[in-house]
Amino acid sequence: MKLIIIGGVAGGASAAARARRLSEDAEIIVIERGPEVSFANCGLPYYVGGEIAERDKLLVSTPDRLRSRFNLDVRTRSSVEAIDRVTRTVRIRDLASGREYQEAYDKLILAPGAAPLRPPIPGVDLPGIVTLRNMQDADRIKERIDRGVTQAVIVGAGFIGLELVENFVRRGVATTVVELQDQVLPPFDKEMSKPILDTLRARGVTVLLSESAEGFEESSGGVNVRLKSGRRLPAQLVVLGVGVRPENKLAVDAGLEVGPRGGIRVNEYLQSSDPHIFAVGDAIEVRDVVSGEPTQVPLAGPANRQGRIAADNIFGRAVRYRGTQGTAIVGVFDRTAALTGASEKALRRAKLPFRKVYVHPAHHAGYFPGAEQMTLKVLFHPGSGKILGAQAVGGAGVDKRIDVLAVAIQAGMTVFDLEEMELAYAPQYGSAKDPINMAGFVAAGLLRGDHPQLDVESVVAAPPNERPFLLDVRTPQEFASGNIPGAVNIPVDHLRSRLRDLPRDRQIAVYCQVGQRGYLATRILLQHGFNASNVGGGYKTYSLFQPDCHSGVPATS
Ligand code: FAD
């Protein structure tokens, strides 16, 4: 067996190492355009910021190590220029000498990744406008900052953009983020990204939403970024972080099938439309685990797993790739945001039925010092309770909860399973009722009809004459520090003695700070014959939907 792998980083290096473990006899050639293989793209922003101090730490492996440990024929600074499917050969160009030569294959794995988008904006090729994909890009950015950048603009508030923002601020660079959408972190639902927006602004980052770069102009100090609004931002460095595009040229030229967004089409064994050619990583189209629809998800975990699976299939183990659910996490200063499965907006776009709950628990027992509050949103099927997606934002413990929910989605679990989940608990790690259980209790209670729930957006969006009677059951102090306009305050502890003050001919929307006292109040009112519903996630959730209301995800609860 002669296997050629195009691309030697996440997907390609994983495939090569797995292939060798499965076959000592195979001839395995890795062709990589860059000078390095198997480097940690995900660490690049932190190298720029100095948190990863040594460049070598980013090299997960080196060509020499791959040669000696895995007996791989690694050819760096070499680019595959074309695939001839009839003769089963590739044309390789040695980038140092310019020499071109053919190499035959029995099987080919395409792992060429995705290239950062450079939108065709006037001036986009000026010096000082860069993208970040590999070590050389990171070197260039770091070098410029070392030379003394004071003002930078990052176009795009996605994962890589925001990771760079944090690291630029760490280096003392005044940074402005320009984002086309009306929120940061577009894969998240808008309200769940609000604490991250608040954090960025609190750290002095200028964030311009619903704004776009329309042109770049050379200036004496660097570049002026011309915005749609007409505003001009001076900068010595501009980073474009507006997304990636699958590197599909080789595949397209070879006549392989690609999807509408350019991802190389593969079957569940990661085989392209040519059975001798497999494809993995950012370059491919995958099946969305929740919707079943084709999609593209450029993440390291899927790329690594796909590399392994492609090698398995080539060496006789029939292994299916289950699809991708988009589990991702990002740290922005001291905040963490993570998600898995479908977002609310994706479910709406796909017109799939869902219900949702928000909980705002502490990441570990509230009585133990250092408890940090998180917001956890869980989306689930209104009939079966099957979990469709989850998002969390907060500090410590966000990663753990999203990982648990990611597994739950893979296992096809329901919100009723979340009620029953037995998770590790000691006060410094969790709670006897973990945030996962809490989300399960709320969601399952909803489906059982124990506590009818109203979504806060629907309450607020209703015209005033159609709004339910809004009942705030928090303390007068909490009420005074901020409330939903039009609400009447009766603390839950006084509710039983104040029932005569409540209307029997109108729906009552009850809310508290996070939903728990609202739940109790709703149960009291229902049993006294009122038409009551709890506003999901309470005032805390309401504040996530209010542009002028600081979401105030506090460091400690
Ligand atoms: P890549 O890792 O991009 O490797 C493809 C390689 O193929 C490239 O080195 C390229 O030079 C080479 N190549 C392409 N065409 C040819 C050719 N014709 N001939 C020879 N070689 C070729 N994901 C996460 O899950 N978490 C994170 O925190 C995270 N952070 C990231 C931060 C940054 C700055 C970046 C850039 C990405 C990050 N990602 C993260 C995404 C993750 O790195 C990618 O999803 C993953 O690397 C994709 O693996 P891949 O093998 O498909 O492509």
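Odds and ends about this structure:
- Each residue in the range 309-348 was checked for being within 12 Å of the ligand (Cβ to nearest atom) and closer than 19 Å to Ile277 by Cβ, and 1 pass.
- One residue from Ala13, Ala82 being touching a residue at least 60 places away in the same chain (Cβ under 8 Å) and in contact with a Ser or Thr (Cβ under 8 Å, 6 or more places away or on another chain): Ala13
- Of all positions in the range 502-509, none carries a residue that is exposed (fewer than 12 other Cβ atoms within 10 Å of the Cβ) and farther than 16 Å from Ser533 by Cα.
- Residue pairs meeting the criteria (Cβ under 7 Å; at least 6 apart or on separate chains; first more than 26 Å from Ser458 (Cβ to Cβ), in the range 470-482; second modelled with pLDDT of 95 or more and part of a strand (DSSP E or B)): Pro476/Asn489
- So Ala408, is it assigned to a strand (DSSP E or B) and in contact with a helix residue (DSSP H, G or I) (Cβ under 7 Å, 6 or more places away or on another chain): no
- Set Ala444, Ala426: member being out of contact with any Asp or Glu (no Cβ under 7 Å at 6 or more places or on another chain), at pLDDT 95 or above and either surrounded by fewer than 16 Cβ atoms within 10 Å (Cβ to Cβ) or among the aliphatic types (A, V, I, L, M) (or both): Ala426
- Residue match in the range 219-238 (condition: within 14 Å of the ligand (Cβ to nearest atom) and in contact with a Lys or Arg (Cβ under 9 Å, 6 or more places away or on another chain)): no
- A count restricted to the range 283-307 and to residues that are within 13 Å of the ligand (Cβ to nearest atom), within 15 Å of the chain's Cα centre (by Cα) and under 11 Å from Gly326 (Cβ atoms) stands at 6.
- Any hit, the range 360-382, residues being basic (Lys, Arg) and over 26 Å from Ala114 (Cβ atoms): yes
- One residue stands out among those in the range 185-207 that are away from the ligand (no atom under 16 Å from the Cβ) and outside any helix (DSSP H, G or I): the one that is surrounded by the fewest Cβ atoms within 10 Å (Cβ to Cβ), which is Gly204.
- When residues of the range 163-179 are limited to those that are free of Cβ contacts under 8 Å to residues at least 40 places away in the same chain and in a loop (DSSP other than H, G, I, E, B), the one farthest from the chain's Cα centre (by Cα): Gly172
- Whichever residue in the range 239-271 is among the β-branched types (Val, Ile, Thr) and buried (at least 18 other Cβ atoms within 10 Å of the Cβ) and, among such residues, is farthest from the ligand (Cβ to nearest atom): Val258
- Scanning the range 132-163 for residues that are under 21 Å from Ala328 (Cα atoms) and near the ligand (Cβ under 9 Å from one of its atoms) yields Leu132, Arg133, Asn134, Phe159, Ile160, Glu163.
- Tabulated pairs, the range 224-253, first over 28 Å from Gly113 (Cβ atoms) and charged (D, E, K, R), second assigned to a loop (DSSP other than H, G, I, E, B) and within 16 Å of the ligand (Cβ to nearest atom), C-beta under 8 angstrom, 6+ apart or interchain: none
- Some residue of the range 113-129 being under 22 Å from Phe315 (Cα atoms) and not charged (D, E, K, R): no
- Top-ranked residue in the range 116-131 [being in a strand (DSSP E or B) and more than 9 Å from the ligand (Cβ to nearest atom); ranked as surrounded by the fewest Cβ atoms within 10 Å (Cβ to Cβ)]: Val130
Conditions (1) in contact (Cβ under 8 Å) with a residue 12 or more places away in the chain; (2) part of a loop (DSSP other than H, G, I, E, B); (3) in contact with a Lys or Arg (Cβ under 6 Å, 6 or more places away or on another chain); (4) more than 19 Å from Val330 (Cα to Cα), marked per residue:
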| site | (1), (2), (3), (4) |
| --- | --- |
| His364 | yes, yes, no, yes |
| Ile387 | yes, no, no, yes |
| Gln391 | yes, no, yes, no |
| Val404 | yes, no, no, no |
| Gly412 | yes, yes, no, yes |
| Phe416 | yes, no, no, yes |
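- Positions within the range 105-115 being in a loop (DSSP other than H, G, I, E, B) and within 10 Å of the ligand (Cβ to nearest atom), in sequence order: Ala111, Pro112, Gly113
- Residues in the range 431-441 include none that are without any contact (Cβ under 8 Å) to a residue 40 or more places away in the chain and in contact with a Gly (Cβ under 7 Å, 6 or more places away or on another chain).
The values are calculated or read from the model by the stated rules, or taken from the named source; none is laboratory data. All values reported here derive from a predicted model rather than from experimental measurement. Neighbour counts run over all protein chains shown; Cβ positions are idealised from the backbone, glycine included.
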